[in-house]
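FYI, it's all coordinate maths here, none of it is from the lab. Here the structure is a predicted model, which is why all the values come from computation and not from measurement. Glycine gets a Cβ as well: all are built from the backbone with ideal geometry, and neighbour counts include every protein chain shown.
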């Protein structure tokens, strides 16, 4: 982490903004679902449906925001998305029924997807020779912030009062606003010059779209920690409630200490494909361990859950490193925002179907559902190497993120067919 913070002023600014943002995110990721189910008293099925609707409506936002960041400059676009997130999150306080919750969730989720795409050109511009590694550093910062937010959220979960949950929402909104303010210290990034060919080239890149879909299916694993485990722990196990925060802290500590190292070893699309496959197997094993926590004594349930989180996090390290490498390596520099916006469709897919899928299979169905979800992760991971080989055969139709490309940034990429 010291290498990240001391590298350059712009990198420190991006890292600081990211840290503040993720402290607020840690509050919501740990207890957001419980806020709506226990403080607002919405049924878990409605919460899952609402989050799914928000994910569906936000799918295309990232592509448009990424393209706008490429053409107009990413800093202003990224700041605007953070402001929208702050306002939408504050709107959760007024969401006392299903449809107000859906409206607020749609605005917050859409702004989040747009922000991730708009931030990508900033990462590439300030990330040096390998923006993939800078992205890994930012993820380590992310998890430091999330772990701090998770500790604070643990207090609210343990207290369980309406006021305690509301304080978490307010803290989340304030963190988003502060993150936007910090970014004004960042020098503006000049937009990339437009090149000839189709305008929406990322949407014509079929191998990249296939990898986006596969990454999106595996990305449902993020909802295992933030949606499925909290509900499973409360409804099906005798483990103490404070373990919800404990599992999040364990996950984030492992990410902070291991993500940079894991990403350094994933230095090519082929290595990324292997990492995808390994992550799928790890998620299958973790889902099996989570299912075994039901019907056990408190200490045994806690042991199974903690072991599952360790295995799950190893899979998460591989999955994230693979996504960093493949998404940047196959994206032409002049369309970084657009391509990363398309790749963000995977995260949008996870947002759209993940909560409902996990609640329906793992919570409503129970133990068998965990095995089905684990098998889905494993099969998807096994398909990733096929998609990567397809993309490598099509390398002539895109401008890759290679050393040659970085040295000649004004060479236009040929149209994707």
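Assorted remarks:
- Extension gain, residue 375 to residue 129, is 84.8 nm, computed as 0.36 nm per intervening residue step minus the present C-alpha separation.
- Computed from the Cβ-Cβ distance with R0 of 25 Å, the FRET efficiency linking residue 190 to residue 83 stands at 0.65.
- Of the peptides 152-161, 212-221, 10-19, the order by per-residue mean of other Cβ atoms within 10 Å, starting with the highest, comes out as 212-221, 10-19, 152-161.
- Cα-based Kirkwood hydrodynamic radius, the chain, one decimal, Å: 21.2
- Stretching the chain fully between residue 93 and residue 162 yields a gain of 23.8 nm (0.36 nm per residue, less the alpha carbon separation).
- For the range 81-181, a/c is not less than 1.5, where a ≥ b ≥ c are the root eigenvalues of the C-alpha gyration tensor, and a/b does not top b/c. That puts it in the oblate class.
- Prolate/oblate/rounded label for the range 19-156 (Cα gyration tensor, a/c 1.5): oblate
- Taking 45, 291 and counting other C-beta atoms within 10 Å, the order from fewest to most: 45, 291
- Take the Cβ atoms of residue 253 and residue 174, set R0 to 22 Å, and the FRET efficiency comes out at 0.35.
- Per-residue Cβ neighbour rank within 10 angstrom, fewest leading, 106, 258, 362: 258, 106, 362
- Relative contact order for the range 2-407: 27 percent, from Cα pairs under 8 Å spaced at least 6 residues apart, divided by residue count.
- The residues 276, 137, 35, 371, when put in order of fewest to most other Cβ atoms within 10 Å, stand as 371, 137, 35, 276.
- Residues residue 46 and residue 270, FRET efficiency given R0 of 41 Å [Cβ-Cβ distance, rounded to 0.05]: 0.40
- In a fully extended conformation the segment linking residue 300 and residue 393 would gain 28.6 nm over its present Cα-Cα distance, using 0.36 nm per residue.
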